[in-house]
Amino acid sequence: MNRVQGKVAVVTGASSGFGRGIAKALAAEGAKVVVGDVHEHPNAGGFEDDPALTTVEAIQKAGGRATYVSCDVTKADQVEALVAAAVAEFGRLDVFVNNAGIYRNGKRLHEFTEADLDVCYEVNAKGSFFGAQSAVRQFLAQGDGGVIINLVSTAGLQGHPNQSVYNISKGAQANLTRCLAIEYGKDGVRVNGICPTYAKTSLTRQLFDDQDFDRVFTESIPLKRWGEVDDIAQLAVFLASDESSYIHGDLIKVDGGETLCRYSVD
Ligand SMILES: NC(=O)c1ccc[n+]([C@@H]2O[C@H](COP(=O)([O-])OP(=O)(O)OC[C@H]3O[C@@H](n4cnc5c(N)ncnc54)[C@H](O)[C@@H]3O)[C@@H](O)[C@H]2O)c1
């Protein structure tokens, strides 16, 4: 308990999936949390414990502190306003989690449209860039550092079949993590990326429900199971906390051993 006591954390895309799990876990460990998302209720088709509740309601029900701010991460002014709202509500910013993301798969590279490429890049890469800019500006103004966590993917570390537009955007996020770590370490800003394989959220529901995909994917993972939101949320708490004070610029896999294997899911 209290591993991030008193810290102020902004989590983008926190109405559903990983972002929601991270927001709840941070609040349970004492953080004051700002939920930024394009809508307040969780996506349909997810695996949430309490889908009727917004993330803020779920946190408050558990005795934590949180507020919601409408924010589309592809709009720089809205991301600036998200950070400003965190400072107005809770006095400062300590942790910024670039989690909002979208997924596009199911086509070979020559079949994707420019619109597929643009939307992945806009939300996943540009959204994280704006998040990092706004967080860093606030951290520099405060003068005592901070933490940025980027939700990347094993797709940012290697190639996967039939999802090139997603992989390109995740590769950009991985390199954003490295650039930020090099530039802002001297300012006490710690930056890391979390790289999950497929985990159970609304983003992967269609794949989870595809019995052939489920069988081949599960078989390809040494731990023989899908990732769970809590696997990612607990790592995010560790990276947000002072327990990880010398971990910087890392891209940490949460993949049940996926990237050790030769298998690919086509
Ligand atoms: N689920 C997985 O298997 C998996 C694996 C690796 C990486 N990731 C990454 O983790 C992150 C979260 O994914 P998830 O599985 O929880 O997805 P999800 O679809 O369950 O939740 C994503 C949330 O982001 C929000 N969002 C989407 N576009 C937004 C925008 N423009 N501005 C603000 N919010 C926006 C959605 O409203 C939603 O609440 C993403 O970056 C994703 O690429 C997911």
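The values are calculated or read from the model by the stated rules, or taken from the named source; none is laboratory data. What you are looking at is a predicted structure, and each value in this text was computed from that prediction instead of being measured. Heads up, the Cβs are rebuilt from the backbone with ideal geometry, glycines too, and the neighbour counts pull from every protein chain shown.
Below is a table of values for the structure above.
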{"item": "Residues of region 239-264 that turn out to be buried (at least 19 other Cβ atoms within 10 Å of the Cβ) and either closer than 16 Å to Arg3 by Cα or touching a Ser or Thr at 6+ places or on another chain (Cβ under 7 Å) (or both), as a count", "result": "8"}
{"item": "Where Leu117 falls short, out of the listed (1) farther than 26 Å from Ser241 by Cα; (2) at pLDDT 95 or above; (3) within 11 Å of the ligand (Cβ to nearest atom)", "result": "(3)"}
{"item": "Tally, over region 196-219, of residues that are crowded, with 18+ Cβ neighbours inside 10 Å, among the hydroxyl-bearing types (Ser, Thr, Tyr) and within 20 Å of Gln158 (Cα to Cα)", "result": "3"}
{"item": "Any hit, region 160-173, residues being small (Gly, Ala, Ser), farther than 30 Å from Glu48 by Cα, surrounded by fewer than 23 Cβ atoms within 10 Å (Cβ to Cβ) and out of contact with any strand residue (DSSP E or B) (no Cβ under 8 Å at 6 or more places or on another chain)", "result": "no"}
{"item": "Residues (among the aliphatic types (A, V, I, L, M), more than 28 Å from Ser15 (Cβ to Cβ) and not in a loop (DSSP other than H, G, I, E, B)) located in region 206-247", "result": "Val216"}
{"item": "When residues of region 126-146 are limited to those that are aliphatic (A, V, I, L, M) and surrounded by fewer than 19 Cβ atoms within 10 Å (Cβ to Cβ), the one farthest from the chain's Cα centre (by Cα)", "result": "Ala141"}
{"item": "Qualifying residue in region 3-17 (condition: of a type in the set (D, E, K, R), on the phi < 0 side of the Ramachandran plot and within 16 Å of the ligand (Cβ to nearest atom))", "result": "no"}
{"item": "Top-ranked residue in region 179-201 [being under 24 Å from Thr259 (Cβ atoms) and either assigned to a helix (DSSP H, G or I) or free of Cβ contacts under 8 Å to residues at least 60 places away in the same chain (or both); ranked as farthest from the ligand (Cβ to nearest atom)]", "result": "Ile182"}
{"item": "Test: Ala172 is touching a Gly at 6+ places or on another chain (Cβ under 7 Å), part of a helix (DSSP H, G or I) and of a type outside the set (S, T, N, Q)", "result": "no"}
